[in-house]
Amino acid sequence: MVDLTNYLGFSLRVAMKKIDKNLSQQLEVYGVSIPQSFILFSLLEQDGATLKEVGNKTLIDSSSMTVLVDKLEKDGLVERKLDSQDRRAIRVFITEKGRDIAEKVSKIGIKFNSQLYDLLGEGNQKEFIHGINNIVNGLD
C-alpha cells in the first residue's frame, strides 16, 4: 500500500487545506474570503490599480477577479471606475469601509502568520521559507 504522506505534494496539499480552513473561519467574521483579503491588501498598497494589475499581484486569474471584485463591490468595500486615459481599463478603489475591514483582516493575517511560524519551530523557519521559495522559483 502506498503511504501518501511520503509525497511532498500531498503533504503540502494537506497543510494548505488546513491553513485555508482555519484562516477562512477567522475571516468569515468580516464576510471576506482569503482571495478577497489579498485584493484588499493589494489596494491598500496601490489604490486605484487596474483589475489586471491586482490580478497579477495576487495571482488571481481574470475570471475569478471579476467575481471576487463583484462581491467586494456589492458589499461596499471597493468601487470600480473606468480609467480616464484607457477606456478599456477598469481601476479599483478601496472604500473607507473596505479600508477598515482590510486593516482588521490584516491583523488576523499577521497573527495567523505568527502562529504558522511558531508551529514551524524557531530552528526551521528560515530553512522552510528558503525551501518553499526554491519550489516556487523552480517550477513553472
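A short reminder: the numbers here are calculations on the coordinates, not readings from a lab. Note that this is a predicted model, so its numbers are computed, not measured. Note: ideal-geometry Cβ built from the backbone for every residue, glycine included; neighbour counts use all protein chains shown.
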Selection within the stretch 94-119 - among the hydrophobic types (A, V, I, L, M, F, W, C) and surrounded by fewer than 14 Cβ atoms within 10 Å (Cβ to Cβ): 110, 119
Some residue of the stretch 37-55 being of a type outside the set (Lys, Arg), in a loop (DSSP other than H, G, I, E, B), surrounded by 18 or more Cβ atoms within 10 Å (Cβ to Cβ) and in contact with a Lys or Arg (Cβ under 9 Å, 6 or more places away or on another chain): no
Unique residue being of a type outside the set (A, V, I, L, M) and under 13 Å from the mean Cα position of the chain (by Cα) when the list is 36, 46, 26: 36
Residues of the stretch 76-123 that turn out to be closer than 21 Å to residue 19 by Cα, of a type in the set (D, E, K, R) and under 20 Å from the mean Cα position of the chain (by Cα), as a count: 4
Filter result (in contact with a strand residue (DSSP E or B) (Cβ under 9 Å, 6 or more places away or on another chain) and either surrounded by 13 or more Cβ atoms within 10 Å (Cβ to Cβ) or not in a loop (DSSP other than H, G, I, E, B) (or both)) within the stretch 71-90: 72, 73, 77, 78, 79, 80, 81, 82, 89, 90
